[in-house]
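Peer 1: Take a look at this one; I'll ask things after.
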Amino acid sequence: MKKHRVGSEGALRACVLILNLGWTPSPGLATIPETGMALAHQAAAHAQQGDYVRASEIYRKELERLEAFHGPEHPYVAAILSSLGNAESGLGNYHVAEERFARAVMILQKNGDPDSQEYATALNNLGAASFRLARYAEAESWYQRALEITEKTAGPESPQVVTMLNNLAVLNTMLGRTGEAQSLYKKSLAILEKKSGPEDLELARVLQNLAGTYSRRNAFVKAEQLYRRSLGIAEARLGPEHPELSGVLRNLGRVYHDLGYLEKAEPLYLRALAIVEKKLGPAHPELAFTLNELALLQFQQHMNGKAEAQLRRTLTISENGLGPQHPHTLRVLNNLAEIYRLQWKHEKAAPLYRRLLESLDKAPAPANADLVPALRSAVAVYQAVGNYVEAEQAYERLLAIEEVELGPQSPQYAARLEEYASLLHKMKRKDQAAEIRRRSAAILSSHVEK
């Protein structure tokens, strides 16, 4: 049965498409003495198979050996730090990975060549870690510098440039610059078609990310085609249970979910979850993205208890792995609050909306696209539980935003004023309510006269 994704004024929110980032292997590994090289290759082989635990163990031992023998600021140490950071990223330890990459960058700035490919690789990986932690301005700065260096050192059509173009495009997609992202993806594809074969793994990554831009524009047929092609390449190259498959499986499932084909979406979500839980463990941040989608699907299937349980689990994973202020954590918090609201469980919803609004206030630049639906839902919930003081505060914030966004003379803004007047009337502030109603009526009257 076809069912469209749940929609409401409060807006249940699907996860933002988390796309496939390129963690660049460190070229400095090739300069490490023979014993270290053998260990580094062994660790890299484990990482390629998705065994990030074993890879990180080997890299950490090699890091200790190199620090003891060469000192903590030798370029060999930077090379291992970059590789260890990649393994930590695979494990979902993004804060730790960011520290590894930042240290590698500092070492190479001090004791290496700031125009080398080694330095560009460290910058790219630092950018990818910053991106995962939603520090988008920092990520863009690292990516741009890494790309400039790489185009000079490795050439404008090198595999390293493709990876960095892909990462920069992912960032543009996340920031809503879909046109710029598509241009970068197409540039990457042109290089890959010229330099690589049709089964190249980097091609699968670029295709997956390009599909995300079509999905954002509701071009679902094109998105499905690209996701399926990406999945086919990845399965052939990596096998059916590699962790890298989880993202494309989830995103393909989301295409079917958005189209209302829940029976097609659910097995893809479940397969993605099974892969991550088996290979990366039950608390990996990657799980949070798929669990969010599965919970929304279950809510549409009227499995409300399961949906609530999935979202509570998702919230814990996201808070621990990404942080309490991360955009995905707030998205999950919104969804759990909204599911309670839609079931008239206002006492459970109210503290979640309070927490959500407080968190959005702490964001560097809270987006009205997030604030407005949260404020609307919060107003309804606060009124339902008789908390008129907080309802009034939320209304005042909502009116300030919508006066700018809708215009002070728009009928929509007049309707919002009328709602505010009703709240004031409930609070026994009849004179103030009457004044607001006169203002609303004057706006509507001006439209009737025109």
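Peer 1: Taking into account only those residues within the stretch 289-317 that are surrounded by fewer than 17 Cβ atoms within 10 Å (Cβ to Cβ) and of a type in the set (A, V, I, L, M), which is nearest to Glu358 (Cα to Cα)?
Peer 2: Out of the qualifying residues, it is Ala309.
Peer 1: Assess whether Gly92 counts as being in a loop (DSSP other than H, G, I, E, B), within 30 Å of Leu297 (Cα to Cα) and at pLDDT 80 or above.
Peer 2: Considered against the rule, which asks whether it is in a loop (DSSP other than H, G, I, E, B), within 30 Å of Leu297 (Cα to Cα) and at pLDDT 80 or above, Gly92 comes out as yes.
Peer 1: Right, next: Suppose the filter is within 19 Å of Ser215 (Cβ to Cβ), modelled with pLDDT under 95, touching a helix residue (DSSP H, G or I) at 6+ places or on another chain (Cβ under 9 Å) and buried (at least 20 other Cβ atoms within 10 Å of the Cβ); does Glu286 pass it?
Peer 2: So Glu286 fits the description; yes.
Peer 1: Looking at Asn320, Asn334, which one is buried (at least 18 other Cβ atoms within 10 Å of the Cβ) and of a type in the set (S, T, N, Q)?
Peer 2: Matching residue, one of Asn320, Asn334: Asn334.
Peer 1: Among Glu435, Glu392, Glu419, Glu396, which is the only one that is more than 26 Å from Lys348 (Cβ to Cβ) and among the charged types (D, E, K, R)?
Peer 2: Criteria check complete, one pass: Glu435.
Peer 1: Right, something else. Take the conditions free of Cβ contacts under 8 Å to residues at least 60 places away in the same chain and within 16 Å of Leu91 (Cα to Cα) and apply them to Leu273. Does it pass?
Peer 2: Spelling it out, Leu273 is indeed free of Cβ contacts under 8 Å to residues at least 60 places away in the same chain and within 16 Å of Leu91 (Cα to Cα).
Peer 1: Of the residues that sit in the stretch 156-189 and are more than 19 Å from the chain's Cα centre (by Cα) and not in a helix (DSSP H, G or I), which one is nearest to Ser141 (Cα to Cα)?
Peer 2: Pro156
Peer 1: Which of the residues spanning the stretch 58-71 are without any contact (Cβ under 8 Å) to a residue 12 or more places away in the chain and at negative phi?
Peer 2: Selection gives Glu64, Glu67, Ala68, Phe69, His70.
Peer 1: Now a separate question. Scan Ala394, Ala349, Ala378 and give me the residue that is surrounded by 15 or more Cβ atoms within 10 Å (Cβ to Cβ), at pLDDT 95 or above, hydrophobic (A, V, I, L, M, F, W, C) and out of contact with any His (no Cβ under 8 Å at 6 or more places or on another chain).
Peer 2: Ala349
Peer 1: What helices (runs of 4 or more DSSP H) lie completely within the stretch 337-450 and have 3 or more residues being within 30 Å of Ala309 (Cβ to Cβ) and in contact (Cβ under 8 Å) with a residue 24 or more places away in the chain?
Peer 2: 346-362, 368-384, 388-406
Peer 1: If Glu193 satisfies all but one of (1) in contact with a helix residue (DSSP H, G or I) (Cβ under 7 Å, 6 or more places away or on another chain); (2) part of a helix (DSSP H, G or I); (3) farther than 15 Å from Val255 by Cβ, what's the number of the condition it fails?
Peer 2: (1)
Peer 1: Could you say which residue among Leu273, Leu291 is in the same structural domain as Glu235 (by TED's automatic domain parsing), closer than 26 Å to Arg216 by Cα and assigned to a helix (DSSP H, G or I)?
Peer 2: Leu273
Peer 1: Right, Leu203: surrounded by fewer than 24 Cβ atoms within 10 Å (Cβ to Cβ) and not assigned by TED's automatic domain parsing to the domain that holds Ser83 or not?
Peer 2: Taking the combined requirement at face value, the residue satisfies it.
Peer 1: Taking the stretch 50-81 only, how many residues are surrounded by 15 or more Cβ atoms within 10 Å (Cβ to Cβ) and in a loop (DSSP other than H, G, I, E, B)?
Peer 2: 4
Peer 1: Within the stretch 412-422, restricting attention to residues that are surrounded by 14 or more Cβ atoms within 10 Å (Cβ to Cβ) and in contact with a helix residue (DSSP H, G or I) (Cβ under 6 Å, 6 or more places away or on another chain), which residue is nearest to Val385 (Cα to Cα)?
Peer 2: Only one residue fits best here, namely Tyr420.
Listed here are the residues, each with its yes/no results for (1) of a type outside the set (Gly, Ala, Ser); (2) surrounded by fewer than 24 Cβ atoms within 10 Å (Cβ to Cβ); (3) not assigned by TED's automatic domain parsing to the domain that holds Tyr185.
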site	(1), (2), (3)
Gln117	yes, yes, no
Ala120	no, no, no
Leu123	yes, no, no
Arg132	yes, yes, no
Ala137	no, yes, no
Glu140	yes, yes, no
Arg145	yes, yes, no
Glu148	yes, yes, no
Thr163	yes, no, no
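Peer 1: Quick check, is Ala87 assigned to a helix (DSSP H, G or I), surrounded by 22 or more Cβ atoms within 10 Å (Cβ to Cβ), at pLDDT 90 or above and in contact with a His (Cβ under 7 Å, 6 or more places away or on another chain)?
Peer 2: In short, no.
The values are calculated or read from the model by the stated rules, or taken from the named source; none is laboratory data. Since the model is a prediction, treat every value here as computed from it, not as a measurement. Glycine gets a Cβ as well: all are built from the backbone with ideal geometry, and neighbour counts include every protein chain shown.
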